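Read through the structure below, which is laid out as structure tokens, and then see the notes.
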Amino acid sequence: MAKSPRYRFCVGPWNFSEGRDPYGPETRPAQSFDWKLAALKELGFDGMMFHDDDAVPEIDSKSPAQVLKEAKELRKRLDGEGIKAEMVAPRLWFHPNTIDGAYTSNDPKQRRYAVDRSKQTIDIARVLGTDLVVLWLAREGTYLRESKDGRRSTDLLVEALDAMLAHDKRIRLAIEPKPNEPMDHAYIPTIGHALAIAGLAKDPSRVGCLIESAHAILAGLDPADEIDFAMAFGKLWSLHLNDQNGLKFDQDKPFGSANLRVAFNQVRVLERTGYGKNGEFVCFDVHPFRTTKPEHALKHLSNSRETFERLVEKARSFPEKAAQKLVADRNYQDLDQLVLNHLMGT
Ligand code: GLO
Ligand code: MG
């Protein structure tokens, strides 16, 4: 397999999932954190992503001091294993206080809960040795348009960003947009929205973004273009590669599984724009197919990485000169076939 020394790989504990969906229970047994950490090492990955309650389980029942103590213990474990914590994300979509949204809830007490929990996430990130906090704004949107005021919600989101930025002068916030699911419509559906709202924050230089392939596809966009756009702003601080077959629920398929060419173009722009050169990780936000047997439950991760590495090879060996000639001649017909032939290996 190709070696891609520039890239560092990572996944989150939730990517070792058990197959539950809204219509049926788990199809594989749950594994412990230790098992997941060992698996990640065995796969040769370099980092792990954390929700706040992945880092400190049952976080809501613990005192701030206890939370920090457990975070410190985790840091020790990770250092001992040579695994970096890539980011920490506040899980603002499980707790009863987030039922009507978090930062944009109509209830001021619930909004306070969301901001306080996010500040604690920042404290955990600091202990784990990362300056990156990811905000997947899961419930910041509406089930029905009339239930919230979009302008006010934008102001509330900016207020929340400012509160987090003020809490720690070094922390960077990466917004992970997604247009739908679990909401009907989300307030920050695309990278354009994420970078625009970053501009309203008190310190825009510390608000950037994270692109997930499936989320871009769900917005009807090309993930490669989203990557190029974010890189033009110097704001792509993390990446969730996966795949998605059209406008359905969020499928989190293995990278390249649904559309190899779309995957190729993502890798091509990463290569072209130098993603990873400042230490950014390539994360796979993928899940096993529900039918997957326990003994195959790591394949979605190793396969995603294999596809990525092979596409890096394809990007590096792309017949650039021949392609440029066809571009100059406006011969997009043959350019199309050149790409297909290259991918098919002929
Ligand atoms: C779901 C998101 C989710 C986030 C994770 C980190 O659609 O992709 O997996 O990436 O919670 O914030
Ligand atoms: Mg994601």
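Every number in this text was worked out from the coordinates using simple rules, so none of it is lab data. Predicted model only: the values in this text are computed from it and were never measured. A quick note on method: Cβ atoms are made from the backbone with ideal geometry, for glycine too, and the neighbour counts reach across all protein chains shown.
Run the simple label-point estimate for Gln324 and Arg152 please: 7 Å along Cα→C-beta, distance reported in nm.
Simple spin-label model gives 5.6 nm for this pair.
What does the extension gain come out to for Arg77 and Arg261, with contour length at 0.36 nm per residue minus their alpha carbon separation?
62.3 nm
Residues in the stretch 17-45 near a label at Lys293, defined as backbone nitrogen under 18 Å from the 7 Å Cα→Cβ point?
18-19, 27-30
What does the helix-only formula give at 222 nm for the chain: each DSSP H stretch with n ≥ 4 adding -39500 (n - 2.57), the total divided by the residues, and the result rounded to the nearest 500 deg cm²/dmol?
-13500 deg cm²/dmol
Express in whole angstrom the spacing between the alpha-carbon centres of the stretch 57-83 and the stretch 217-253.
Comparing the Cα centres of the stretch 57-83 and the stretch 217-253, I get a distance of 31 Å.
Indicate the gyration tensor shape class of the stretch 187-346 (rounded, prolate or oblate), computed on the Cα atoms with a ≥ b ≥ c the square roots of the eigenvalues: a/c under 1.5 is rounded; otherwise a/b larger than b/c is prolate and the rest oblate.
Oblate.
For the pair Thr273 and Ala196, how long in nm is the line joining their label points, each one 7 Å along Cα→Cβ?
So the two model labels end up 1.8 nm from each other.
Cα to Cα, under 12 Å, and not fewer than 8 places away if on the same chain: which aspartates and glutamates meet these conditions relative to Lys119?
Of all the aspartates and glutamates, those that pass the test against Lys119 - Cα under 12 Å, at least 8 places apart if same chain - are Asp52, Asp162, Asp168.
What FRET efficiency do you get for Asn180 and Ala30 if R0 is 35 Å and r is their Cβ-Cβ distance, rounded to the nearest 0.05?
FRET efficiency, Asn180 to Ala30: 0.80.
Any idea how far apart Ala38 and Ala232 come out in nm if each label point goes 7 Å out from Cα toward Cβ?
4.9
Between Asp334 and Phe94, what is 0.36 nm times their sequence separation minus the Cα-Cα distance? Round to one decimal in nm.
Here the segment from Asp334 to Phe94 would lengthen by 81.4 nm.
Mind scanning Lys36/Lys72; Lys41/Lys72; Lys169/Lys235; Lys36/Lys253; Lys248/Lys299; Lys41/Lys169 and naming the pairs with a C-alpha gap bigger than 28 Å?
Lys41/Lys169
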